[in-house]
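Once you've had a glance at the structure underneath, I'll fire off some questions.
What follows draws every value from the coordinates through simple rules; no lab data is involved. All of these numbers come straight from a predicted model, not from anything done at the bench. We place every Cβ from the backbone using ideal geometry, glycine too, and count neighbours over all the protein chains shown.
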Amino acid sequence: MKERIENIVYDFFVVSSDFNGIPLRNISEKLNIDYENSIEIIKELVKDNIVSIQSSTNPHIIGFQHYPIDSQIHILEEAKKIKEVVHSFGEITISSEDTEYSICLYPSKSYLQKKRDLADFGNAFYTKQLALAEPHLTPIFFEIEVLDRYFNDPRFDFKFEDYSGQISCLYDENENPIVREEDQIFLKTFGLGFDENGDRLAVVYLRYLKDLTPEHQIYWKSRQKTGNCKMLEEYHQNTIQGNWTFSYSIFSGFIGEQKCINDLTKIIFTKPLFRKSFENENRPKEFTFFFTPTLKNYNDFILLLDKMISENINKDFFEGKVDFFEFKELENGLVERQSKGTLQLFEEWLTSVFNVKGDGTVSELFKPLRKIRKERQSPAHRINENQYDRQLIEKQKIIMDDIYLVFRNLRNIFHQHPKARDFEIPDWLENGKIKTF
């Protein structure tokens with residue numbers, strides 16, 4: 001009987017679609033033996049390290065760990081008290097366990113290592129680990145650069161916001177994948193982590209890595225990171241604890257502040273200050289931290305930021321408020337009429353209508369904006385050799401911190417207008433945690 005149970009547990013695991021365990025009560029039903037008697041036999045198999053049990057709200061996968069044998073024996077002994085409840089719905093009968101923590105049986109890791117043939121899995125390294133009963137929710141860490149392959153390839157749908165994302169291949173209008181079979185992947189979720197030096201990492205739970213093709217599993221394996229790696233708390237809370245997190249990236253904070261400014265200026269002046277805002281589907285996928293700190297990625301980010309700010313300012317907003325041109329004397333005594341830039345128009349207008357109390361001035365707010373405009377000129381007018389420089393990560397952080405504070409202050413300025421008295425700032429923006437992940 002022990003051997004029959006051993007084979008049932010093994011066969012169920014091997015043929016299951018997601019490396020699942022067989023429910024405890026199924027054993028007695030399949031063998032037509034007493035339920036408590038089946039538990040006694042299973043306890044012997046656990047002691048022999050042939051069978052391993054999982055008991056949780058979802059025991060159908062090996063979640064986080066294999067438990068000590070003594071703990072498994074105790075759980076099995078307690079399981080004798082669990083009753084089967086039968087529910088009838090007309091001609092349909094459904095049975096369930098009268099417990100919050102059901103039990104499923106698995107082959108032990110050592111048993112699988114001796115018996116299971118992994119040849120069919122080829123080079124699918126992470127699928128092999130699941131086939132050997134590794135816990136599904138084991139976090140695996142990777143160098144953040146592993147994401148560049150998908151971020152830069154338009155054949156993949158790459159989504160990343162704040163601290164988590166998803167990757168899949170794209171399909172044509174006939175629902176056929178536009179990539180070769182080896183690239184037809186789906187990564188349900190990945191998150192953000194850090195190594196012992198505070199450098200960003202990508203983190204993926206083992207169960208989701210099996211949805212990569214063998215070719216892509218080899219690629220991810222080549223970028224795997226070991227050592228003292230940690231998952232971002234917000235990602236753990238959201239994916240493991242099932243809790244809502246109220247932290248937002250500084251990129252989301254900027255987008256929220258810009259939308260508020262647009263909503264406020266439409267209320268106050270009937271015209272929006274910016275031609276468009278970037279919330280939801282309008283958010284550029286590049287508006288996040290770059291995954292590889294290269295000069296090209298930094299310059300591309302500065303160019304994008306300038307487009308979202310300076311080039312996005314609505315010139316019509318200043319109609320009748322500020323002169324659009326200025327006159328400059330030339331060396332020969334002639335005068336040239338020059339168009340004012342959008343930042344200049346904005347600064348002149350805001351300075352004329354609003355004064356900051358204390359030592360500060362409105363002009364101070366425009367220094368970070370002018371800095372972005374200046375930084376943009378370098379890649380726009382000069383060919384630069386691309387280079388890898390980790391200091392670019394800190395430069396991006398500083399720029400985003402400064403720009404976010406500018407837009408938060410601008411929003412506060414417009415919110416003081418009498419016509420904006422009834423405008424409510426979104427709570428997540430006013431009271432939420434805006435962080436630089």
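With a cut-off of at most 15 other beta carbons within 10 Å, and DSSP calling the residue loop, which chymotrypsin sites (Phe, Trp or Tyr not before Pro) in the range 100-194 qualify? Please list them.
Qualifying residues, ordered by number: 101.
Filter the GluC sites (Glu not before Pro) in the range 142-208 down to the DSSP loop ones having no more than 12 other Cβ atoms within 10 Å, then list what survives. If you can, show how the numbers build up before the last one.
Working: sites: 143, 145, 161, 173, 175, 181, 182, 196; in loops: 173, 175, 196.
The qualifying sites are 173, 175, 196.
If you don't mind, there's one more thing I want to ask. Once fully extended, how much extra length lies between residue 123 and residue 199, figured as 0.36 nm per residue of separation less the alpha-carbon to alpha-carbon distance?
24.4 nm
Quick check: Cα centre of the range 188-258 to Cα centre of the range 29-90, how many Å?
Each part reduced to its Cα centre gives a spacing of 34 Å.
With unit charges on the beta carbon (Lys/Arg positive, Asp/Glu negative), name the residue among 75, 295, 426 whose Cα is farthest towards the positive pole of the charge dipole of the chain.
It is 295, whose Cα lies furthest towards the positive end.
Something else: Restricting to Cα pairs below 8 Å that are 6+ residues apart, what does the relative contact order work out to for the chain? Please round to a whole percent.
Normalised by residue count, the contact order of the chain is 12 percent.
Let me have the relative contact order for the range 251-435, percent, based on Cα pairs under 8 Å that are six or more residues apart.
32 percent
Further question: Sort 47-54, 9-16 by the packing proxy (mean of other Cβ within 10 Å over each peptide's residues), most packed first.
Packing proxy ranking, top to bottom: 47-54, 9-16.
Hey, another quick one. Just order 245-251, 363-369, 224-230 by mean Cβ neighbour count inside 10 Å, highest at the front, would you?
Highest to lowest by the protection proxy: 245-251, 363-369, 224-230.
Using only alpha carbon pairs under 8 Å that are at least six residues apart, calculate the relative contact order of the range 1-63 and give it in whole percent.
Relative CO of the range 1-63 lands at 37 percent.
Between residue 91 and residue 327, 0.36 nm times their residue separation minus their Cα-Cα distance comes to what?
76.0 nm
Per-residue HN-Hα couplings for the range 173-182, Karplus 6.51 cos²θ - 1.76 cosθ + 1.60 at θ = phi - 60°, whole Hz, x for Gly and Pro?
Karplus-based 3J(HN,Hα) across the range 173-182 equals 5, 9, 6, 9, x, 8, 10, 5, 4, 5 Hz.
Provide, for q = 0.10, 0.12, 0.13 Å⁻¹, the log10 of I(q)/I(0) from a solvent-free Debye sum over equal Cα point scatterers in the chain.
Values, matching the q order: -0.87, -1.07, -1.17.
Once you put a point 7 Å from the Cα of residue 419 and another 7 Å from the Cα of residue 349, both along the Cβ direction, what distance in nm separates them?
1.2 nm
First select every other residue whose beta carbon is under 15 angstrom from the beta carbon of residue 53; then total the charges, Lys and Arg +1, Asp and Glu -1. Present the calculation step by step, with values, prior to reporting the outcome.
Numbers: positive: 25, 43, 47, 80, 109; negative: 6, 40, 44, 48, 70, 77, 78, 97.
Value of the local net charge: -3.
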